[in-house]
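Written below as structure tokens is the structure these notes are about.
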Amino acid sequence: MLTSPADFYTAQSRRFGPSGILDHHRERAKRLDDALVQRRTGRVLELGAGAGGTAAATAELGYEVTAIELSPLRVEYALDLAQTIHGSFTIIEGDFYTADLGTDYDVVTYWNGFGMNEDVDQRRLLKRVATEWLAPGGFMLVDVFNPSWWAQRPAEPRFHEEYEACQVTTFDSRGSRFVDRWWPFGAEHDAMEQSIRCYSPVDMELLLEGTGMFLSHIDDHESKSLPESFSYRVILNRVNSR
């Protein structure tokens, strides 16, 4: 049975603990910085901030970061992290589909989480980006899960000794979604699941129709070709900024 996003990510964070700032958080912050031509000033809105690692790394580069996260435990971790860095980092607990997050952001980011709900929800979110949040000339950076990679992933249990947990990931080709299932050792009846929609570049362009956003650039993830990447990164701009 699928678990609500807040419950799933809270359970994951309880298992993994706070992350601090890791190498992949700094890599994301650098990609954002590069996309802004290393301006190192401006306002950034991060959606689904997790434990705050990427938001903190971005703030340390000099950006004014507002981050929103649904899981209360992850917000707690992010608040603790914000106290340890030099930079402007505000964390909000809430649902980005409904929360009032202000306006005039130079960049809106969504790292490693786009596709959680249905197409209609993704479109609703993209419309908010286009009509409410972005400043003139602003853009959105999004990690998109790649269906061709997930379709080839073997559905075999993986054992995470450090966290005393098992994981299995399956792919629903009809819905173009992967299902990520976790459970503690010896307690599969307590399994928790999340389901994420995957989009090919063509699917992504179709999704954007009518949202006020368009795909302006695809960035190969970790310099791999698209079939070898579990996700790829896109830059989205507002239609009226063409």
Consider only pairs whose beta carbons are under 7 Å apart and that are at least six residues apart or on different chains; among these, list those whose first residue lies in region 28-50 and is in contact (Cβ under 8 Å) with a residue 24 or more places away in the chain and whose second residue is of a type in the set (Gly, Ala, Ser) and assigned to a loop (DSSP other than H, G, I, E, B).
Leu36/Gly42; Gly48/Gly113
Looking at region 185-211, which of its residues are over 18 Å from the mean Cα position of the chain (by Cα), closer than 18 Å to Arg128 by Cβ and buried (at least 19 other Cβ atoms within 10 Å of the Cβ)?
Thr211
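This table checks each residue for (1) under 28 Å from Tyr232 (Cβ atoms); (2) at pLDDT 95 or above.
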residue	(1), (2)
Asp80	no, yes
Val107	yes, yes
Tyr110	yes, yes
Asp119	yes, yes
Gln122	yes, yes
Glu132	yes, yes
Val144	yes, yes
Trp149	yes, no
Ala155	yes, no
Does Ser176 satisfy the condition of being touching a Cys at 6+ places or on another chain (Cβ under 6 Å) and of a type in the set (Gly, Ala, Ser)?
yes
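Yes or no: region 83-96 includes at least one residue that is farther than 23 Å from Met116 by Cβ and among the hydrophobic types (A, V, I, L, M, F, W, C).
Kept after step one, since they are farther than 23 Å from Met116 by Cβ, are these residues of region 83-96: 83-89.
So of that shortlist, the ones also among the hydrophobic types (A, V, I, L, M, F, W, C) come out as 85, 89.
Yes, because at least one residue in region 83-96 is farther than 23 Å from Met116 by Cβ and among the hydrophobic types (A, V, I, L, M, F, W, C).
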Out of all the residues in region 148-166, which are over 13 Å from Ser195 (Cα atoms) and surrounded by 15 or more Cβ atoms within 10 Å (Cβ to Cβ)?
Trp149, Tyr163, Ala165, Cys166
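Out of the residues in region 190-200 meeting the condition of being assigned to a loop (DSSP other than H, G, I, E, B) and among the hydrophobic types (A, V, I, L, M, F, W, C), tell me which one is modelled with the lowest pLDDT. Step through it out loud before you land on a result.
Here is the first cut: in region 190-200, the residues assigned to a loop (DSSP other than H, G, I, E, B) are 191, 198-200.
Going one step further and asking which of them are among the hydrophobic types (A, V, I, L, M, F, W, C), we end up with 191, 198.
Numbers: Ala191: 88, Cys198: 97.
Among residues in region 190-200 that are assigned to a loop (DSSP other than H, G, I, E, B) and among the hydrophobic types (A, V, I, L, M, F, W, C), the one modelled with the lowest pLDDT is Ala191.
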Just need a number here: residues in region 210-224 that are within 19 Å of His24 (Cα to Cα) and either part of a loop (DSSP other than H, G, I, E, B) or at pLDDT 95 or above (or both).
2
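Rundown of residues vs (1) within 26 Å of Arg15 (Cα to Cα); (2) aromatic (Phe, Trp, Tyr); (3) out of contact with any helix residue (DSSP H, G or I) (no Cβ under 6 Å at 6 or more places or on another chain), yes/no style:
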residue	(1), (2), (3)
Asp180	yes, no, yes
Ala187	yes, no, yes
Val202	no, no, yes
Glu205	no, no, yes
Thr211	no, no, no
Glu228	no, no, yes
Tyr232	no, yes, no
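The values are calculated or read from the model by the stated rules, or taken from the named source; none is laboratory data. A quick note: this is a predicted structure, and the numbers were derived from the prediction, not measured. Neighbour counts run over all protein chains shown; Cβ positions are idealised from the backbone, glycine included.
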